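Peer 1: Let me give you the structure first, and then I'll get to my questions.
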Amino acid sequence: MPLLDRITRPGDLRDLKPTELVRLADEIRAFLIANVSRTGGHLGPNLGAVELTMAIHRVFDSPRDPIIFDTGHQSYVHKILTGRQDRFATLRQPGGLSGYPSRAESEHDWVESSHASSSLSWAEGLAKGFALREQDDRTVVAVVGDGSLTGGMTWEALNNIAVQPELRLVIVVNDNGRSYTPTIGGLATRLRGLGQQLSAIRTDRRYERTLAAIKRWVSRAPVVGEPTYGLMHGVKAGVKDVLAPQGMYSDLGIKYLGPIDGHDLVELERALEQARRFDGGPVIVHCITEKGRGFAAAEAHEEDRFHAVGPIDEVTGAPLSDSPPRTWTDAFGEHLARIGATNDAVVAITAAMLHPTGLTRFARHFPHRTFDVGIAEQHAVASAAGLARAGLHPVVALYATFLNRAFDQVLMDVALHGEGVTFVLDRAGITGADGPSHHGMWDLGLLGLVPGLHLAAPRDEQRLQEALDTAVGIADAPSAIRYSKDPLPAPLPAVRSEGVLDVLFEQGESRVLVVGWGQFAGIAVEVGARLAQQGIGVRVVDPVWALPVSADLVRLAGTHDLVVTIEDGGLAGGLGSRLAQECRLAGVRADVREFGIPQRFIDQGTRPGILDDLGLTAQQIARFATEAVLADRDVLARSSGAQG
């Protein structure tokens, strides 16, 4: 019988012998590879966190002792050990197991941590709350790492944790040296490099036994014993400060243990137990782990160690799908590299996502003009403002959902100063399997608040290239380009222009104006075709640049009985509501009906399935417009009859 079948709760781990624990770790890795290979998901981070998660659950009493994961994608092993292994076939599927901690799934999940660097603030708050309520028998465990230590919020939390000796808080640093790619920055480099140098010594039990023996021997010496040991301890601490990374923590007043071999269960448990019993305040346990451990294909994958994968062959690691379709990310990366070849003022910035945002080609050709700042979006944007002030044009490539974290910097550092910075937002709109935190549905509402900002939502590759060419030429204001996770659509040429607008379809004496932005321009054309089949005059336009709202679009809206807007973003503060507002401000009467993402958190699922559930399909939108027009005809007919 596999040992994994005997694990239904964390307490079951405590009944296993040391040899059984090693075997269980192997079974968990095999389970992860087999299951995540079928569903896709964050494989590499979890392969590296197997022993670490097992040790945490053997030492601490979850859920009474909260375990909070930063970059919560490293929580799969935690899910397995807390009774959810039978649901892994549904991982990241509609209605299935979340790829992140989920309070709806289990009492063992305290925080739905799916954006990085917030766990220490949560942990500090929980530990402080327990202390205030005199629950001194509870310890909060925060698991950070996998790149999250590069986030400034982590260091803000540490600054406050350091001055609260009453907190029962253990901070486990899962140091795998990576987020997607190798972790960036001086702090991360110091932690990783020195940790590797010392791990062989520091994790050897003879090291601590020898220190203890020296203390006993020297301290017993008459008269000079205690002073001599004190001097030796001071020398030891000084040497450690030169060699090891605990200096930065001890300067803050936080107890440091490590570095520990994060794949040695005995050493992990010893260190975690020592941290649990320490009554002098918070403790940091620094563990060195290997991302992708136990899967040869992941270990050999230098780009990201299988940080996140789609369905793959569980033996070779090769993708199971045919050649993937060309993506917006591909098109952006290729064209930015072309721009960089002729414009040496263009530089690229990303926040630990060089490959996922398509900057690989630019970085290969222009390594000195490419800056990966780690998981630090706020710094990325403010740094971009400085680069712009120095005469360069930064292109900041992020996922749309992560721009949320740097809105203040977009507003106050870039826009207020009139700096020419371009934001390229990948995965805009509904994304699918990563759930509510990763849908790119907030950026339109946020960016619409920024004075002077230019925003494009291109409908195809040609329009993306044109938008990027235009954006890098804007020197006195921020610009943004957003696009979907969907594959690139087929080219969608305009039939003619209406001022600055592209007319994509028109038939009959137009009563309905359909406005489609970005990926939804194709849906808008299909809506127009459906209305035309019903004998309803219709015109479909793409504004090309969504913000600022053009006077041509406002004018055209006033000449139609009904205006239908379709956008892949949140309705509140979105492009449709902005058009309606601009019409009112201009004194133009327009009946605007906005279609977009409702302002609520949208669960995980497939993108087509979610769009269908939200009514964002051509069939459903066309049905609304048809019924609205027919209802208006009925009203007019009844009115005419009454007058007759």
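Peer 1: Of all DSSP beta bridges located in the chain, what percent are antiparallel, nearest 5?
Peer 2: Among the beta bridges of the chain, antiparallel pairing accounts for roughly 20 percent.
Peer 1: What Kirkwood hydrodynamic radius do you get for the chain when you take the inverse of the mean 1/r over all pairs of distinct Cα atoms, in Å? Working shown, then result.
Peer 2: Working: mean 1/r = 0.0369 Å⁻¹.
Computed over the chain, the radius equals 27.1 Å.
Peer 1: For the stretch 1-81, compute Rg over Rh where Rg is the Cα radius of gyration and Rh is the Kirkwood radius from the inverse mean 1/r over Cα pairs.
Peer 2: 0.94
Peer 1: Shifting gears a bit: Please express the shape of the stretch 346-447 as an equivalent ellipsoid: the semi-axes are the square roots of 5 times the eigenvalues of the C-alpha gyration tensor, given largest first in whole angstrom. Let's see the in-between values first.
Peer 2: On the way: eigenvalues 93, 62, 19 Å².
Square roots of five times the eigenvalues give 22, 18, 10 Å.
Peer 1: Given the C-alpha atoms of the stretch 24-148, compute the convex hull and give its volume per residue in Å³.
Peer 2: Numbers: hull volume 11.8 nm³, N = 125.
Hull volume over Cα atoms, normalised by residue count, gives 94 Å³.
Peer 1: From the P(r) of the stretch 376-525, could you give the percentage of C-alpha pairs in the tail past 28 Å? Walk me through the intermediate numbers first.
Peer 2: Working: 2687 of 11175 pairs.
When every Cα pair of the stretch 376-525 is considered, 24 percent fall beyond 28 Å.
Peer 1: Could you give me the ³J(HN,Hα) list for the stretch 388-405, computed from phi with Karplus coefficients 6.51, -1.76, 1.60 and θ = phi - 60°, whole Hz, x at Gly and Pro?
Peer 2: Each residue of the stretch 388-405 in turn: 5, 4, 7, x, 9, 10, x, 10, 9, 9, 9, 6, 4, 5, 7, 5, 3, 5 Hz.
Peer 1: Let me ask something else about it. Calculated from DSSP H runs of 4 or more alone, at -39500 (n - 2.57) each and per residue, what is the 222 nm mean residue ellipticity of the chain, nearest 500?
Peer 2: Per the formula, -12000 deg cm²/dmol.
Peer 1: May I pose another question? Relative contact order for the chain using alpha-carbon pairs under 8 Å, separation at least 6, rounded to a whole percent?
Peer 2: Computed over the chain, the figure is 11 percent.
Peer 1: How would you classify the stretch 265-375 from its alpha-carbon gyration tensor, with a ≥ b ≥ c the square roots of the eigenvalues: rounded for a/c under 1.5, else prolate if a/b is greater than b/c, otherwise oblate?
Peer 2: It is oblate, given that a/c is not under 1.5 and a/b is not larger than b/c.
Peer 1: Tell me which GluC sites (Glu not before Pro) from the stretch 280-352 have a DSSP coil assignment and no more than 14 other beta carbons within 10 Å of their own.
Peer 2: Passing sites in the stretch 280-352 are GLU302, GLU303.
None of the figures in this text is laboratory data; all of them are computed from the coordinates on show. What you see is a predicted model, and the numbers here were worked out from it, not measured in a lab. Cβ sites come from the backbone with ideal geometry, for glycine too, and all protein chains shown count toward neighbours.
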